[in-house]
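S.K.: Take a look at the following structure, please.
The values are calculated or read from the model by the stated rules, or taken from the named source; none is laboratory data. Note that this is a predicted model, so its numbers are computed, not measured. Heads up, the Cβs are rebuilt from the backbone with ideal geometry, glycines too, and the neighbour counts pull from every protein chain shown. Note: accessible area is taken over every heavy atom of the protein model, side chains too, but ligands, DNA and RNA are not part of it. Shrake-Rupley method; radii C 1.70, N 1.55, O 1.52, S 1.80 Å.
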Amino acid sequence: MLMEPIPSVDELTGLIIETVRRNGFREDVYIRPSFYKSTRAIGVKLHGLQHELYILSLPFGDYVDTTVGIKVGTVSWRRTSDTSIPSRAKIVGSYVNPAFSKTEAMLNGFDEALVLTEDGHASEGSAENLFIVRDGTLITPPIMDDILEGITRAGLIELARDLGITVVERSIDRSELYIADEVFMCGTGAQLSPVVEVDHRVVGGGKVGPITGRLKDRYFDIVRGKVPEYCHWVTPVYTK
């Protein structure tokens, strides 16, 4: 679909809803709208090129385990810095970095990667934002630690504060995950995935922690339209 100019948020929302509706989905689906440069030309630039839109939707189960928890391993690859490729944006080319990270982690026997910044702080998973719990406080890396400004991350911060949980955005050392009471990751595909082991070290009691469990249960109820006060999170696809 040739787009000029880029549609508004409301227009794009309408196109996404129509895509899901035409496919007749009545289950959990993954949706990926993407703009790409479509001009048939060779050269390295972004300006002066046409762009088009595609919207992908397909049935989607758990990207990683959201029930019993996952095992995470620190990888040798470092998160791309803002001065290289802006990590706060979903730029397709930047996913080579998390692809290397995920493959290394899985080949080393883990379910998911823990990726560090160039200065050694915990940034995120291969495609998930990171949270830890210490002494009842929910902690997540700040935007300046080269994380994606994730929608799920923002929603969980809002939800946690509504539940009376203190949320702090600050840098996290790798070793701090080893002594955290709870760890979890989140994202559009990952949803909310508890972490039960980091670098072969058990997190908490090796099972889903109380704050993680509370947030997870509430999150899934909200995104399935079961909590009226969070209707601003969801958009109906069908009217009946």
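Here is a yes/no grid of residues against (1) open to solvent by 10 Å² or more (accessible area, probe 1.4 Å); (2) at pLDDT 95 or above:
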{"position": "120", "(1), (2)": "yes, yes"}
{"position": "123", "(1), (2)": "no, yes"}
{"position": "127", "(1), (2)": "yes, no"}
{"position": "130", "(1), (2)": "no, yes"}
{"position": "134", "(1), (2)": "yes, yes"}
{"position": "140", "(1), (2)": "no, yes"}
{"position": "146", "(1), (2)": "yes, yes"}
{"position": "154", "(1), (2)": "yes, yes"}
{"position": "159", "(1), (2)": "no, yes"}
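S.K.: So, one more: What pairs come up if the first residue lies in the stretch 165-193 and is under 10 Å from residue 152 (Cβ atoms) and in contact (Cβ under 8 Å) with a residue 12 or more places away in the chain, the second is open to solvent by 20 Å² or more (accessible area, probe 1.4 Å) and of a type in the set (Gly, Ala, Ser), and their beta carbons are under 7 Å apart, counting only those six or more places apart or on different chains?
M.R.: Here the result reads 187/127; 189/127; 190/127, each pair linking the stretch 165-193 to a residue that is open to solvent by 20 Å² or more (accessible area, probe 1.4 Å) and of a type in the set (Gly, Ala, Ser).
Residues checked against (1) within 27 Å of residue 234 (Cβ to Cβ); (2) acidic (Asp, Glu); (3) modelled with pLDDT of 95 or more; (4) touching a Cys at 6+ places or on another chain (Cβ under 9 Å):
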position	(1), (2), (3), (4)
4	no, yes, no, no
27	yes, yes, no, no
36	no, no, no, no
63	yes, no, no, no
75	no, no, yes, no
78	no, no, yes, no
94	no, no, no, no
104	no, yes, yes, no
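S.K.: Is it fair to say residue 34 is of a type outside the set (Asp, Glu) and touching a residue at least 60 places away in the same chain (Cβ under 8 Å)?
M.R.: So residue 34 does not fit the description; no.
S.K.: Another question about this same structure. Could you look through the stretch 161-174, keep only residues that are over 25 Å from residue 81 (Cα atoms) and among the hydrophobic types (A, V, I, L, M, F, W, C), and pick out the one that is most open to solvent (accessible area, probe 1.4 Å)?
M.R.: Checked the stretch 161-174; the qualifying residue most open to solvent (accessible area, probe 1.4 Å) is 163.
S.K.: Take the residues in the stretch 38-61 that are surrounded by 11 or more Cβ atoms within 10 Å (Cβ to Cβ), in a loop (DSSP other than H, G, I, E, B) and of a type outside the set (Ser, Thr, Tyr), then tell me which one is modelled with the lowest pLDDT.
M.R.: That would be 60.
S.K.: For residue 235, indicate whether it is of a type in the set (Ser, Thr, Tyr), in contact (Cβ under 8 Å) with a residue 24 or more places away in the chain and more than 21 Å from residue 134 (Cβ to Cβ).
M.R.: Criteria met by residue 235.
S.K.: Restricting attention to the stretch 106-118, report how many residues are buried (at least 23 other Cβ atoms within 10 Å of the Cβ) and within 14 Å of residue 63 (Cβ to Cβ).
M.R.: 2
S.K.: Which residue is surrounded by the fewest Cβ atoms within 10 Å (Cβ to Cβ), if the candidates are limited to the stretch 3-15 and must be more than 20 Å from residue 50 (Cα to Cα) and without any contact (Cβ under 8 Å) to a residue 40 or more places away in the chain?
M.R.: 10
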